[in-house]
Structures are given as structure tokens and as C-alpha cells.
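To start, the structure under review is shown below, and the notes come after it.
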Amino acid sequence: MKTLRALTLILAAALLAACGSTPLRGTGDLGLVIERASGHVTLVDTTARQAYARIGGLGDLSHASAVYSRDGRYAFVFGRDGGLTKIDLLEARIVKRVMQSGNAIGGSISQDGRIVVAQNYTPGGIKAFDAETLELLAEVPAEYAPGKFSKVVGLADAPGNKFAYALFDGGEIRVTDFSNPRQPTTQRFPAGNQPYDGLVTPDGRYFLAGLFGEDGVALLDLWQPEKGARKILENYGRGQEKLPVFKMPHLRGWSVAQGKAYLPAIGRHEVLVVDVATWKEVGRIPVRGQPVFVMARPDGHQVWVNFAFPDNGKMDVIDTLAGKVVHAFEPGKGILHMEFAPRGETVWLSARDDNKVLIYDTQRFTKLGEIAADNPSGIFFTARAARIGF
Amino acid sequence: MSGTRLVFALFWLSTAAAATPPDAVRQQELVRLVRQDCGSCHGMTLQGGLGPALLPADLRDKSRDGLKAAIYEGRPGTPMPPWKQFMSEAEAAWIVDQLKSEFPR
């Protein structure tokens, strides 16, 4: 009896000690910042507004991006050099890392969270991996003509374990269905000249591919793919000479707010506004440079815009009710990316050349804090785990 | 005689101007521009992205003048923009020389 009591006490003490060393916590307010030049990611807590860990050894992270497991615990980081790294945000460590291609440009995760798909430039195509083990499940080359492989852009997840993407060299939109992960099937749709990026609307219904080689955006209704891709915003430049584009815009990251899509113009210092019910242009908003990211705050009341070189120190904030820029400022040098807190009270901006991530109050536009990071680029919060097309 | 000397002097001046490398501070700026901003299409390590790779092996068969023109004037019909508002022709040539050997970190 006495021994049993002693044993119970020891067990209780051991349990307490275990709890003391690793307190339980959720993942809903965590995220990571890519440090592009040094192959590190910094893990951040959006409630404390602080970094809590830093992990190295991720290779070439220029243009890296990340997606999350459904529980928000694991991040899958796609490096430029083809590295795919699975990170445990709670234990702050690399779980697994594979080199999956020679030159990659991002990836996505399936609706059911079981399949991670990487999009590649070299060799051009997509590859599907088991999210648990990172084992290769299938490979879909982006062959658009015999022996010709395209760079893949704009990969986004869609309902039904499908992925939509575009072929930069091939001028196509493709939809690959991974409902049978080892035997994917692919549909092809002519899209237009040089699609440079894509997005899936928040409801998962439409895939949009921005075109670089012509004025316009290709649109595919994923509920009725048999109708094919069509062009919207055709000739938005109206034949006028384009301004030089010193960095390709990005479409990923929702820019759909209040029933309208806000899209970067190519070669024009404007944000194009489209009604998503009719897909007709309903306005354009002049901004201070070539837009790169045009991202809606989660409530859709504001759209934040950053710019290509040489205007990449500027940010413009559009009020969607007023339909114009209501706040313009210069938060730092080389603003490459932004991410909103899950419900939008703060926005985090990476200032590459200042080696800082800046945290701003989105209502008052005041700076709330900053985090040191070595050449920060992409910022990715776990709230993405629950969103279609992220 | 003086005419010959003048021509010679002009010739010397023009080659000297073309050959004058940017100073150390400017070189740093250009290296950063290439790695960070050209890098958004060509990759920070210049191994290519949406734009082609720019490593010495990739450029071996390409002419110095053609590459300089691609940087300075851009390449119509492709996403490559002209960079002339940010550098001189001599600086574009210096970048080409660095790319063709080993580009500084």
C-alpha cells in the first residue's frame, strides 16, 4: 500500500515535470517567416507578436512559400532549389526534408490534407507527396507539345483533391485530380499568352490565371470546366504602351473582397477591380507603382498593395467602400510580402533590406512592433490551413 | 599630326570610359541589384526561375554585347525589362563580365 502511494506520487511528479517542460498549446496563432538568403525560417507567435524559434538548413529559400497541415502543426516549405521541408511548429524542428526537383516555385496542399503538391520550373511539372511521409506519390509533367515542358505557375488547391495551375510556356490552364493519388488525371484548357500566376477564389469555384504576354486574365469555372477557360479584363491596357515590369506580380493570397476581385495590372500602375458575379471590370484604382501583392484584409474592408522594384519601399491601402487609396506610406526598404493576422487586426510586412518584419495595426496604421529576420521574404500564418486556395 | 593625336586621344578617352569599372561602392549596389532584384526572376543564386539561368556555363556561348543590350534595353516579347534607368551601359557591361566569370556574393 505504502509503495503504491509512493509510486503514485512519483508518477504525478513525473507528469508535472513533463507538463512543466512542454506546456500544451494550440497552433492557431503561429506562423513562420522565410529568411530567403540564409536558408532559415523564424517561427512567430501572432498573439505575443514575437519570434519563438529559428530553424536553419532549408537550402535556397529565395521565392520560398509554405502551406500548412489541417491542424496547423506542420508547415511544408517549398524552396527555390527544389527542397521540400516539413517543419513541426510546436517542437520547432525539421521533421523531414526531401529534394524533389531542380528548381521549384511553390506548392499547395489537398482539401483532405493528405497530399502535398509541388510546382516546378525544372523539370517543368507538378509532383505529389504523401503529407505524412513526403513519399512521392505521382508526377505530372507539364508537357505541352511533344518533348516540350513548361514552367508551372499558380498552383492552387481546389475542392475534390484537385489542383489547378497554369503553364507559363505552354499557355494552358490545367486541372489535375488526385482523388486517386497515385493515378492522377489531368484536364487541359487553352488559356492565353504567358500565364504568370494564378489563384483560386475563396469559395473554390474559379481559377484565375494572370497573363503576362497579353492584357487579360484567363478564368476557368471549376464547377463547369467543360465550358473551358475564357478571358476577362481583355485589352485592359487598350493598346497603350506598357510600363516596364521589374518584378512579376503575384496573385496568390486572396484579393477577393466584398464581391469584387482586386487584381494587379501588368505594366500599369493600377489595381483592376472586377465584379465576381459578372466578371466585368467595374473600376481601376491608381496606385504608386507596379503592384506585386494585392491582398484583402480578412474582413474585405481594406486591400493592401505592395510594389515591384524600384517602388518596393511603398505600401498603399485601398478602402473597398471608398474605392480608392486611403493610406499611403513607406514602412521600410524592400517590402516583399505581407500577411494578415487571422482576423486582420494586424498586418505583418517583411522589409527585406531592413532585416525586419514590421507589425502594423490595420485600423490606425500605427506600428506595433518588429521582429529581426535576415532578409525576410514570405510570411505564412497557420490560419492558411483552413482556407481553400492557400 | 595634331589631327592624328586628337583622334588618338579621343580613341583613348572612349575606351578608357568604357573600361572604367564602377567604384567599389557602386559595385556593391550592382551586385545587390542583380542578386535581389534580377533574382526575383533569375533566382537569387542565378540558377534561373521564370527567367533563364545566368551562370557562366549558361552564358558561355552568348555575346557580351548581346547580353549587355538585353540588360540595358530589355528583350521585347519577353518579360525582360530594360534596366537603363538604373544603370549606365558601362555598368551593364560590368555586370555581364561578372556573370560570365563568377558573380560576386
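The values are calculated or read from the model by the stated rules, or taken from the named source; none is laboratory data. From a predicted model like this one, the values you see are computed outputs, not experimental measurements. Here the Cβ is made from the backbone with ideal geometry for all residues, glycine too, and neighbour counts use every protein chain on show. Calculation scope for accessible area: heavy atoms of the full protein, side chains included, ligands and nucleic acids excluded. Shrake-Rupley method; radii C 1.70, N 1.55, O 1.52, S 1.80 Å.
Remarks
- Leading residue at positive end of dipole, the stretch B:23-100 (Cβ point charges), from B:MET87, B:GLY66, B:GLY49: B:GLY49
- Residue among A:PHE340, B:PHE103, A:GLN224 farthest towards the positive dipole end of the protein assembly as shown, charges placed on Cβ: A:PHE340
- Surface composition of the stretch B:23-100: carbon and sulfur make up 52 percent of the accessible area, probe 1.4 Å.
- Spatial offset of the stretch A:87-121 relative to the stretch A:296-367 amounts to 27 Å, using the alpha carbon center of each.
- Residue-averaged beta-carbon neighbours from other chains (10 angstrom radius) around B:45-53: 5
- The HN-Hα couplings worked out from phi for the stretch A:57-66 by the Karplus form 6.51 cos²θ - 1.76 cosθ + 1.60 (θ = phi - 60°) are x, 9, x, 7, 9, 5, 6, 7, 9, 9 Hz, whole numbers, x standing for Gly and Pro.
- A:TYR236 long-range amide H proximity, modeled H, under 5 Å: A:GLY216
- Here's how it looks for B:ARG75: its modeled amide H is under 5 Å from those of B:MET80, which are all 5 or more places away or on a different chain.
- Sorting the segments A:345-354, A:153-162, A:51-60, A:180-189 by their residues' average number of neighbouring beta-carbon atoms within 10 angstrom, most packed first, yields A:153-162, A:345-354, A:51-60, A:180-189.
- Panel note: contact residues of the stretch A:36-56 (accessible area lowered by at least 50 Å² against the chain on its own; 1.4 Å probe) correspond to A:ARG36.
- Projected-area mean, the protein assembly as shown, by convex hull of Cα positions, square nanometres: 30.0 nm²
- Entry comment: accessible area of the stretch A:297-390 is 35 Å² per residue, from protein heavy atoms only and a probe of 1.4 Å.
- Rounded to the nearest 20 debye, dipole of chain A from Cβ charges on Lys, Arg, Asp, Glu: 500 debye
- Measure of compaction for the stretch A:185-325 (Cα Rg per 2.2 N^0.38 Å): 1.00
- For the stretch A:40-74 versus the stretch B:43-103, the spacing of their alpha-carbon centroids is 33 Å.
- The residues packed around A:ILE87, meaning those with a beta-carbon under 12 Å from its beta-carbon, carry a net charge of +4 if Lys and Arg are +1 and Asp and Glu are -1.
- Value of Rg to Rh for the stretch A:47-187, rounded to two decimals, is 0.98; Kirkwood radius and Rg both from alpha-carbon coordinates.
- Protection proxy ranking of B:66-72, A:376-382 - average other beta-carbon atoms within 10 Å, highest first: A:376-382, B:66-72
- Phi to ³J(HN,Hα) by Karplus 6.51 cos²θ - 1.76 cosθ + 1.60 over the stretch A:368-383, Hz, x for Gly, Pro: 9, x, 8, 10, 6, 7, 7, 6, x, 10, x, 10, 9, 9, 5, 4
- Charges were assigned to the Cβ only: +1 to each Lys and Arg, -1 to each Asp and Glu. The resulting dipole of the stretch A:100-168 about its Cα centre is roughly 300 debye.
- Chains B and A together bury roughly 1900 Å² of accessible surface, counting both sides and using a 1.4 Å probe on protein heavy atoms.
- The residues of the stretch A:84-103 occluded by other protein chains by 20 Å² or more of accessible area, set against the chain on its own, are A:ASN103; surface from heavy atoms, 1.4 Å probe.
- Computed 3J(HN,Hα) for the stretch B:99-104, one whole-Hz value per residue from the Karplus formula 6.51 cos²θ - 1.76 cosθ + 1.60 where θ = phi - 60°, is 5, 6, 9, 9, 5, x, glycine and proline marked x.
- Counting only other chain Cβ atoms within 10 Å of each residue's Cβ, the peptide A:224-233 averages 0.
- For chain A, calculated [θ]222 nm from helices alone, where every DSSP H run of n ≥ 4 adds -39500 (n - 2.57): -2000 deg cm²/dmol
- Surface composition of chain A: carbon and sulfur atoms hold 53% of the protein heavy-atom accessible area at a 1.4 Å probe.
- When the charge dipole of the protein assembly as shown is built from unit charges on Cβ atoms (+1 for Lys and Arg, -1 for Asp and Glu) and taken about the Cα centre, the candidate among A:PHE307, A:ALA261, A:LEU24 whose Cα reaches farthest toward its positive end is A:LEU24.
- Over all pairs of different C-alpha atoms, the stretch B:23-100 has a mean inverse distance whose reciprocal, the Kirkwood radius, equals 12.5 Å.
- Peptide A:58-65 has a mean shielding of 3, counted as Cβ atoms of other protein chains within 10 Å of each residue's Cβ.
- When A:ARG80, A:ARG25 are compared by accessible surface with a 1.4 Å probe, the order from highest to lowest is A:ARG25, A:ARG80.
- Size of charge dipole - the stretch A:322-376 - debye, nearest 20, with Cβ of Lys, Arg +1 and Asp, Glu -1, no other charges: 200 debye
- Applying both filters, DSSP loop and at most 16 other Cβ atoms within 10 Å, to the GluC sites (Glu not before Pro) of the stretch A:240-330 gives A:GLU241.
- Under 5 Å from the amide H of A:GLY332 lies no amide H of any residue 5 or more positions distant or on a separate chain, with H modelled from the backbone and absent for Pro and chain starts.
- Whole-number accessible area per residue in Å² for the stretch B:23-100, which is evaluated in the context of all protein chains at 1.4 Å: 49 Å²
- Mean separation of Cα pairs under 8 Å and 6 or more residues apart, divided by the residue count, gives the stretch A:281-390 a relative contact order of 16 percent.
- Summed side-chain charge close to A:ASP316 - residues other than A:ASP316 whose Cβ falls under 12 Å, Lys, Arg +1, Asp, Glu -1: -1
- Our note on the geometry: Cα centres of the stretch A:233-283 and the stretch B:20-35, 35 Å apart.
- Take the Cα radius of gyration of the stretch A:100-247 and divide it by 2.2 N^0.38 Å, N being the number of residues; the result is 1.03.
- Annotation note: trypsin sites (Lys or Arg not before Pro) in the stretch A:220-293 located in DSSP loop regions with a Cβ neighbour count of at most 16 within 10 Å are A:ARG238, A:LYS242, A:LYS280, A:ARG288.
- Threshold 10 Å² - residues in the stretch A:242-280 whose accessible area is reduced by that much or more when the chain is no longer isolated, probe 1.4 Å: A:PRO244, A:VAL245, A:PHE246, A:LYS247, A:MET248
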